[in-house]
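> Take this structure first; my questions come after.
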Protein chains: 2
Amino acid sequence: MSIIKTIEELESWSAGADRKNRTLGLVPTMGYLHEGHCSLIRAAKAENDLVVVSVFVNPTQFAPGEDFESYPRNIERDYELAIAAGADVVFNPEVGEIYVPGSSTFVEVTGDITKKLCGASRPTHFKGVTTVVNILFNIVRPDRAYFGQKDAQQALIIKKMVRDLHMPLEVTVCPIVREADGLAMSSRNVYLSAEERKQAVCLNCGLQKAWEYLNSGSDDSRSVRKLIEVIENHIKGQDLAVIDYVRILDGETLEEINGIEPGKAALAAVAVRFGKTRLIDNRVLSVEVR
Amino acid sequence: MSIIKTIEELESWSAGADRKNRTLGLVPTMGYLHEGHCSLIRAAKAENDLVVVSVFVNPTQFAPGEDFESYPRNIERDYELAIAAGADVVFNPEVGEIYVPGSSTFVEVTGDITKKLCGASRPTHFKGVTTVVNILFNIVRPDRAYFGQKDAQQALIIKKMVRDLHMPLEVTVCPIVREADGLAMSSRNVYLSAEERKQAVCLNCGLQKAWEYLNSGSDDSRSVRKLIEVIENHIKGQDLAVIDYVRILDGETLEEINGIEPGKAALAAVAVRFGKTRLIDNRVLSVEVR
């Protein structure tokens, strides 16, 4: 097996792989794989007969001036890691293979779910994501697709797209994989200087402090305003950190909430810049129904 | 076999119909079937083992004030006609079955192809069409889908959506079916009064006159401006006809053209109102390469 570059090759593999009687899991990635991606591939392999990992740095989800050109790439290493984690095929198409000449069709999830959080700072981002994921689903036709909770908003949006459009597959969201010090794994972590890398742990620590405050028993422990303050104060303690957003929203719709309600998941999400590098992290906050 | 109302029922039929070894054709309709629809069903039956006809008056392709509520419906008659023409299943879902609660995902083809012709007078129409057709394709998962050339712009847009999103099916466009006097068959023809019905033949006659002029050998016979004038003058001869548009555009992209070029198809398209009723018709114009 080698790296598959074209849809035609992928279809001929698919035709030979007895797809009719076997299940297939797809792990869509932008490459530069790390342990987070590998955990998705292992999850896919555990639940499906066949696993396809797509490696495609999707231009339509980058705005002008973002890091499309400089996004880290290493397809040979990706191939080794993907196969080692259980992939059967690595699909690495060119841009012109995914977007046919004159392509002008978009899939867009509208509403708070795409407008809040990263949708506010990157207004065209998720339209690019849903369009390319829709295309990959149509090409690969998986039974299940795997996404990381690291990109919590993306995962919610893709689940909604699949539900709204009745796409014939299941979406599985796998837990965030972290470095030893708690930094969420990300291909963009390689952009960080040594000092930035050290301070970057503040995203996870801030979220952890919110979790602790929520369970502290204080009078205002369920107040979204207070919990955001806890996170912001922690991150502001790092001199290289510039907050893009700290938000706590409804865990499914991303609508505004004032407090954490028992039995209802909320999503605490942060985006922080270190120099030119923008990092995100999140934690689901919930309190038990008594 | 009876009318299938839910996705669950359709899937259980699909599971029992040995879909893995048989091909399926889908004919998406808004019901109130006429001979035009039946010709699509027969074409589908000729090329596929199984045929599903969907009957769904799609609210998202009607603007406020258009005829969504009053659109003619007769599901029992549709069922009889569809089965007689060769359908295996008539799928007639409720609105809430197709659009899940909170549904907010849209599929949109952008560019001239959706902005011109009916897209100009009905700016949200095609976004509703592509969204519902995408959903129906995902639910029914046909090998082939059939549309009428009567809705020429719709057919071009759906072909483009399928191509751009790599949807795994073929789109077939079938010729316009006409009444004895040349009026293109349409469910909306029932809205016409006797006198309007008589005058409505002017759409086809106007297009016919353009075709004749194109082949007349006159100096300006390939001039789009002249050909539009020929059509408009003919339609204006009918006192109840109010022209919405008469356009001649590139036959694939719907971009503006000045003349009919040898070997390149152009689409002559007209929309005319008779009272509250809006009728459309079209003809592909081409001249041979010498």
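> Are any residues in region A:273-290 β-branched (Val, Ile, Thr) and buried (at least 18 other Cβ atoms within 10 Å of the Cβ), and if so, which ones? Outline the logic, then answer.
From region A:273-290, those β-branched (Val, Ile, Thr) are A:277, A:280, A:284, A:287, A:289; that's our starting set.
Scanning region A:273-290 gives A:Thr277, A:Ile280.
> Another question, if that's okay. For A:Val132, work out the one condition from (1) buried (at least 18 other Cβ atoms within 10 Å of the Cβ); (2) free of Cβ contacts under 8 Å to residues at least 40 places away in the same chain; (3) within 11 Å of chain B (Cβ to nearest Cβ) it doesn't fulfil.
Just one mismatch for A:Val132, condition (2).
> Among B:Leu240, B:Leu267, which is the only one that is at pLDDT 95 or above and in contact with a Leu (Cβ under 9 Å, 6 or more places away or on another chain)?
When all the criteria are applied, what remains is B:Leu267.
> Any idea how many residues of region A:18-27 are surrounded by 16 or more Cβ atoms within 10 Å (Cβ to Cβ) and either part of a loop (DSSP other than H, G, I, E, B) or within 14 Å of another protein chain (Cβ to nearest Cβ) (or both)?
3
> On to the next question. Take region A:215-236 and flag every residue that is under 25 Å from the mean Cα position of the chain (by Cα) and either buried (at least 18 other Cβ atoms within 10 Å of the Cβ) or closer than 21 Å to A:Leu156 by Cβ (or both).
If the condition is that a residue be under 25 Å from the mean Cα position of the chain (by Cα) and either buried (at least 18 other Cβ atoms within 10 Å of the Cβ) or closer than 21 Å to A:Leu156 by Cβ (or both), then A:Val224, A:Leu227, A:Ile228, A:Val230, A:Ile231, A:His234, A:Ile235 are the ones that fit.
> Can you tell which of B:Val51, B:Val89 is more than 19 Å from the chain's Cα centre (by Cα), aliphatic (A, V, I, L, M) and either crowded, with 18+ Cβ neighbours inside 10 Å or at pLDDT below 95 (or both)?
Just a single option satisfies the conditions, and that option is B:Val89.
> Suppose we filter region A:41-56 for residues that are in a strand (DSSP E or B) and among the small types (Gly, Ala, Ser); how many remain?
Here the count works out to 1.
> Shifting gears a bit: Output the qualifying pairs, or none if there are none: Cβ atoms under 9 angstrom, residues six or more apart or on different chains, first residue in region A:250-271 and in contact (Cβ under 8 Å) with a residue 12 or more places away in the chain, second residue surrounded by fewer than 15 Cβ atoms within 10 Å (Cβ to Cβ) and hydroxyl-bearing (Ser, Thr, Tyr).
A:Ala271/A:Ser121
> Also, quick follow-up: Please pick out the residue among B:Ala46, B:Ala82 that is in the same structural domain as B:Ala145 (by TED's automatic domain parsing), surrounded by 19 or more Cβ atoms within 10 Å (Cβ to Cβ) and of a type in the set (A, V, I, L, M, F, W, C).
Exactly one residue qualifies, and that residue is B:Ala82.
> Mind checking which residues of region A:103-148 are assigned to a loop (DSSP other than H, G, I, E, B) and among the basic types (Lys, Arg)?
A:Lys116, A:Arg122, A:Arg141
> Filter region B:68-102 down to the residues that are of a type in the set (Gly, Ala, Ser) and either touching a residue at least 60 places away in the same chain (Cβ under 8 Å) or outside any helix (DSSP H, G or I) (or both) and list them by number.
B:Ser70, B:Gly86, B:Ala87, B:Gly102
> Kindly check whether there is at least one residue in region B:173-191 that is within 13 Å of B:Ala145 (Cα to Cα) and within 14 Å of chain A (Cβ to nearest Cβ). Spell out the reasoning first.
Pass one, region B:173-191, residues within 13 Å of B:Ala145 (Cα to Cα): B:173-174.
Subset that is within 14 Å of chain A (Cβ to nearest Cβ): none.
No, every residue in region B:173-191 fails to be within 13 Å of B:Ala145 (Cα to Cα) and within 14 Å of chain A (Cβ to nearest Cβ).
> If you don't mind, another one. Residue check, B:Val173 against (1) within 21 Å of B:Gly31 (Cα to Cα); (2) of a type in the set (A, V, I, L, M, F, W, C); (3) in a loop (DSSP other than H, G, I, E, B), all met but one. Which one?
Failed condition: (3).
> Name the single residue, out of those in region A:138-149 being surrounded by 21 or more Cβ atoms within 10 Å (Cβ to Cβ) and within 16 Å of A:Val173 (Cα to Cα), that is farthest from the other protein chains (Cβ to nearest Cβ).
Going through the qualifying residues, I end up with A:Gly148.
> With respect to B:Ala194, determine if the residue is surrounded by 14 or more Cβ atoms within 10 Å (Cβ to Cβ) and not polar (S, T, N, Q).
Judged against the criteria, B:Ala194 is not a match.
> Within region B:72-120, which residues are within 14 Å of chain A (Cβ to nearest Cβ) and among the basic types (Lys, Arg)?
Result: B:Lys115, B:Lys116.
> Look at A:Ala184 and say whether it is touching an Asp or Glu at 6+ places or on another chain (Cβ under 7 Å), surrounded by 18 or more Cβ atoms within 10 Å (Cβ to Cβ) and at pLDDT 95 or above.
The answer is yes for A:Ala184.
> Oh, and also: When region B:237-272 is examined, which residues are found to be among the charged types (D, E, K, R) and either surrounded by 15 or more Cβ atoms within 10 Å (Cβ to Cβ) or within 15 Å of B:Ser223 (Cβ to Cβ) (or both)?
If the condition is that a residue be among the charged types (D, E, K, R) and either surrounded by 15 or more Cβ atoms within 10 Å (Cβ to Cβ) or within 15 Å of B:Ser223 (Cβ to Cβ) (or both), then B:Asp244, B:Arg247, B:Asp250, B:Glu252, B:Glu256, B:Glu261, B:Lys264 are the ones that fit.
> Do you know which residues across region A:272-285 are assigned to a loop (DSSP other than H, G, I, E, B) and under 21 Å from the mean Cα position of the chain (by Cα)?
Our first condition is that a residue be assigned to a loop (DSSP other than H, G, I, E, B); within region A:272-285, this holds for A:275-276.
The answer is A:Lys276, and nothing else.
> Does at least one position in region B:159-168 carry a residue that is surrounded by fewer than 17 Cβ atoms within 10 Å (Cβ to Cβ) and of a type in the set (Val, Ile, Thr)?
No, region B:159-168 contains no residue that is surrounded by fewer than 17 Cβ atoms within 10 Å (Cβ to Cβ) and of a type in the set (Val, Ile, Thr).
> Please go through region B:150-170 and give me each residue that is among the aliphatic types (A, V, I, L, M), closer than 23 Å to B:Lys45 by Cβ and within 11 Å of chain A (Cβ to nearest Cβ), ordered by number.
B:Ile158, B:Val162, B:Met167, B:Leu169
> Can you tell me which of A:Val190, A:Val230 is in contact with a Pro (Cβ under 8 Å, 6 or more places away or on another chain), part of a helix (DSSP H, G or I) and among the hydrophobic types (A, V, I, L, M, F, W, C)?
Of A:Val190, A:Val230, the one residue that is in contact with a Pro (Cβ under 8 Å, 6 or more places away or on another chain), part of a helix (DSSP H, G or I) and among the hydrophobic types (A, V, I, L, M, F, W, C) is A:Val190.
> Right, another one. Taking region B:156-176, which residues are more than 15 Å from A:Val100 (Cα to Cα) and among the acidic types (Asp, Glu)?
Scanning region B:156-176 gives a single hit, B:Glu170.
> Scan B:Ala269, B:Ala241, B:Ala265 and give me the residue that is within 17 Å of the chain's Cα centre (by Cα) and among the small types (Gly, Ala, Ser).
Result: B:Ala269 is the single residue among B:Ala269, B:Ala241, B:Ala265 that is within 17 Å of the chain's Cα centre (by Cα) and among the small types (Gly, Ala, Ser).
The values are calculated or read from the model by the stated rules, or taken from the named source; none is laboratory data. Computed from a predicted structure; not experimentally measured. Counting neighbours? That spans all protein chains shown, and the Cβs are built from the backbone with ideal geometry, glycine included.
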